[in-house]
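The values are calculated or read from the model by the stated rules, or taken from the named source; none is laboratory data. None of these values were measured; they are calculated from a predicted model. All Cβ positions, even for glycine, are placed from backbone atoms using ideal geometry, and neighbour counts span all protein chains on display. Just so you know, the surface numbers come from the protein's heavy atoms only, side chains and all, with ligands and any DNA or RNA stripped out. Shrake-Rupley method; radii C 1.70, N 1.55, O 1.52, S 1.80 Å.
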Amino acid sequence: MQLLARLPSRVLTPRGWGLVIAGVTALLFAQFLGRRDLLYLGVLLICLPLLSVLMLRLIKPRFTVERKFAPQTMETGFTSTVTLSVAASGPVSGSMVMQEMLPARFGESPEFHYPSRLPTRGASVYEYRLRSSGRGVFDVGPVTAAFTDPFGLGTSLHTLGGTDRLVVTPAPVELPHSPLTGARGADGFAATRRNANPSDDDIMTREYRPGDPMRRVHWAATARHNELMVRQEESVTTPEATLILEQRQIRYSSGVIGAFGADLEDDGTSLRSAPGFEWAVIAAMSITAHLLERNYALRFVDETGAPALQSSVSAPWPEDEEHAGQTGIHNVAEGLAALELFPDLSKRTTSRRHSRRSPSPVNTGTAPSARRQPFGDPMMDKLASYRNRGPLIAILGAITVAEARDLAAATEYGSTSFAILVADRPQDLHPVMEILRAAGWHAVAVSPSADLAAAWTYFDSPVGASASTAKTTVGAGAVGANTVGAGAVGAHTVGAGTIKADTVRGAVRSTTTSPGGQP
């Protein structure tokens, strides 16, 4: 039996190989003993497995495969339940083993048997769970099935159904209230009272409502509209903010990765990223959720002033840069799922295998060579069009002193300007922070293992603490810590958390459903 198990099983099962060996043995004995009945028996034993294989090749079974994810879009650190429904379109004989094909990072692919306590035309429903602590877009499927004939002699491998895309988005971190949102009302709106003696062009009017005092009637507008109009002395405006996310590999990578780049995994699902950029992506997602949940209107751009998500294959609307409400949170989360760093073309990079991820039909990406100058005139012109329309928040890598001087001028375009710089050695960014703070920025430098909430809380400090002499960095420490630790003279080091390494687990359990839908 051990010898039969070692024989190739892609065509014949151990039982089929046993019949072939028995048939060959019978033919040898028929030749040696001169027995015609042994000859007939040997031919029969050899032909049975061959006929089984031929039947499996000619009769290809038809199956309907449906796959659903709950939830459809999964956040990192959470699980998604995959429901796989397999139904035969015609009669199926024999048993089969099916396997769901998964990317390598999800571990061992689940296997299940079909049919399972069902009528021939019933549907088998299988469930298994996927979990990922890393963002990305992954192709789940197809299903491979090993079919056997009714006698269990031959086997044939078939691919059933197609693939479905599972989007894993970065999970936002809950941020405390800050000067960005603390001055707003509970509903996220800011009431602004107009100055006295406004011109007729500046006055806003509305229809008269019972109870409005007659002294507020605007007679010119009343004559123009042929109905009683009153002055709108108060206007309610939606708060706005602008978020900048730097995406250059040269500003996040260091060491071997920075010099040679990074290869894709065997399944082609890895993203061009770095620990610092992963921290920046989580920060962007958290700040986006923090602001949009408070009814802010958010403009999301990169360091060139272009839409921040235009190069992401997972972005539903890659050219959009303005986001609002729960729809905006969802769009930004999906766009950040597959956002990659732009490679540094001036350095040597290893050959990258092509990813198996299918590009979004609405997004063709942006070639790295077509990138505009970072912090250049296009970006400044765009920020100038949003002058004094809410705070300006920048999440940057280890930018240079020259780039800091270019960015420093942008502070005049925001009501308040905040900068978070991510680097392996935050203390090396003190000259950069001095330039930004001298121009009016609130700046803090963090390491990739820093606690995001601690960095965000730094912006609550008084304005005096943001002077160029305060060399504030956020480094590594205990998870969730928010204490001041030891550091160099004149430096404040805030405790931080460690980003969890990428681990994925998969488990499978199966249920069966009859044609009527009863288990």
- Message: Take residue 228 and residue 293, extend 7 Å from each Cα along the Cα→Cβ direction, and tell me the distance between the two endpoints in nm.
- Response: 4.5
- Note on the structure: Expected field for residue 379, accessible surface area in Å² at 1.4 Å probe radius, rounded to 10, holds 0
- Length gained when the stretch residue 151-residue 51 is fully extended (0.36 nm per residue, less Cα-Cα span): 34.9 nm
- Item | Computed accessible area, residue 320, all protein chains, 1.4 angstrom probe, square angstrom | 70
- Under 5 Å from the placed amide H of residue 248, counting only residues 5+ away or on other chains, we find 342
- Query: Using a simple spin-label model with points 7 Å from Cα along the Cα→Cβ vector, what separation in nm is obtained for residue 66 and residue 388?
  - Reply: 5.8
- Residues whose modelled amide H sits under 5 Å from the amide H of residue 442, counting only those 5 or more places away in sequence or on another chain, are 417, 418, 419
- Item | Chain lengthening between residue 373 and residue 25 when straightened (0.36 nm per residue, less Cα-Cα) | 117.4 nm
- Message: What figure, in Å² to the nearest 10, do you get for the accessible area of residue 35 with a 1.4 Å probe and non-protein molecules left out?
- Response: 120
- Message: Keeping all protein chains in place and using 1.4 angstrom, which order do 55, 74 fall into by accessible surface area, from largest down?
- Response: 55, 74
- Task: Kindly state, to the nearest 0.05, the FRET efficiency for residue 108 paired with residue 412, given R0 = 60 Å and r defined as their beta-carbon distance.
- Result: 0.60
- Simple spin-label estimate for residue 85 and residue 32 in nanometres, 7 Å along Cα-Cβ: 5.9
- Put 111, 434, 240 in order of accessible area, largest first, probe 1.4 Å, and you get 111, 434, 240
- With x for Gly and Pro, the residue-by-residue ³J(HN,Hα) of the stretch 278-284, computed from phi through the Karplus equation 6.51 cos²θ - 1.76 cosθ + 1.60 at θ = phi - 60° and given in whole Hz, is 4, 5, 5, 5, 5, 5, 5
